[in-house]
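Novice: Got a structure here, written out as structure tokens. Questions coming.
The values are calculated or read from the model by the stated rules, or taken from the named source; none is laboratory data. Predicted model, so just to flag it, every value in this text is computed and none were measured. Neighbour counts run over all protein chains shown; Cβ positions are idealised from the backbone, glycine included. Note: areas computed on protein heavy atoms with side chains; ligands, DNA, RNA excluded. Shrake-Rupley method; radii C 1.70, N 1.55, O 1.52, S 1.80 Å.
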Amino acid sequence: MTWTAPPVERRERPTAADERAMLQGWLDHHRDTLLAKCAGLTAEQLLRAATPPSGLTLLGLVRHLADVERYWFRMRFTGEDVGDLYFTEEDPDADFHGGSPATAAADFAALRAEIAAGDAAAAGRGLDETFTVPDGRILNLRWIYVHMIEEYARHNGHADLLREAIDGATGS
């Protein structure tokens, strides 16, 4: 039996909220949007590169964003020694072009786990709390939220095009 990406209930975008709730709400909305773009597709469809010569796939986006969630919230902000999920020195783009029908369910589970772990890492922490990245820049948790919203929004645009090319589905 072929695995199919599960349906997703997208959370509403926040309208009037304090800064933390606004940032979290928009991030959650964009996380849900990526998963909604994948919902109902088989593992094979999720691996379809729909805009040659690009090899970008929906599963590649799922894997990439799992790595990004882990990198910013856990590895950088809290300093956890968890290592990358897919990235390696030999293959820095393994997130984008790795994966197979056999790994799709696990790849989706990894994204959901990283979302939960990222939320836990940020829970109760102040937006002004800082950390230093390897190049010496000092960033804060607010920066991560803004960056993650931007990262998901950009890749959700890619997901729109990929999904439409796969089965004609469009929508916000």
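Novice: Considering only protein heavy atoms and a probe of 1.4 Å, how much of the accessible area of the chain is carbon and sulfur, as a whole percent?
Specialist: Whole-percent figure for carbon plus sulfur exposure: 55.
Novice: Long-range amide H contacts for residue 125: which residues qualify at under 5 Å (H placed 1.01 Å from N, peptide plane, sequence gap of 5 or more or a different chain)?
Specialist: Amide H to amide H, under 5 Å and 5 or more residues apart or across chains, residue 125 pairs with nothing.
Novice: Here's something else I'd like to know. DSSP loop (so not H, G, I, E, B), at most 16 other Cβ within 10 Å: list which GluC sites (Glu not before Pro) in region 98-150 pass both filters.
Specialist: Those that pass, being in a loop and sparsely packed, are 129.
Novice: Report, in deg cm²/dmol and to the nearest 500, the calculated mean residue ellipticity at 222 nm for the chain, where each DSSP H run with n ≥ 4 adds -39500 (n - 2.57) and the sum is divided by the residue count.
Specialist: -16000 deg cm²/dmol
Novice: Kindly provide the GluC sites (Glu not before Pro) of region 1-109 that DSSP labels as loop, not H, G, I, E or B, and whose Cβ sees at most 16 other Cβ atoms within 10 Å.
Specialist: Sites meeting the loop and neighbour criteria: 9, 12, 80, 89, 90.
Novice: With every protein chain left in place, what is the accessible area per residue of region 1-133 in square angstrom, probe 1.4 Å?
Specialist: 49 Å²
Novice: Could you tell me which trypsin sites (Lys or Arg not before Pro) in region 124-166 are loop residues by DSSP with no more than 14 other beta carbons within 10 angstrom of their beta carbon?
Specialist: Here the trypsin sites (Lys or Arg not before Pro) that fit, given the DSSP loop and packing criteria, are 125, 137.
Novice: Okay, moving on. To the nearest 20 Debye, how big is the dipole of the chain about its Cα centre, given +1 on the beta carbon of each Lys and Arg and -1 on that of each Asp and Glu?
Specialist: Dipole about the Cα centre, nearest 20: 420 debye.
Novice: On to the next question. In Å³ and rounded to a whole number, note down the convex hull volume per residue for the Cα atoms of region 1-151.
Specialist: So the per-residue hull volume is 127 Å³.
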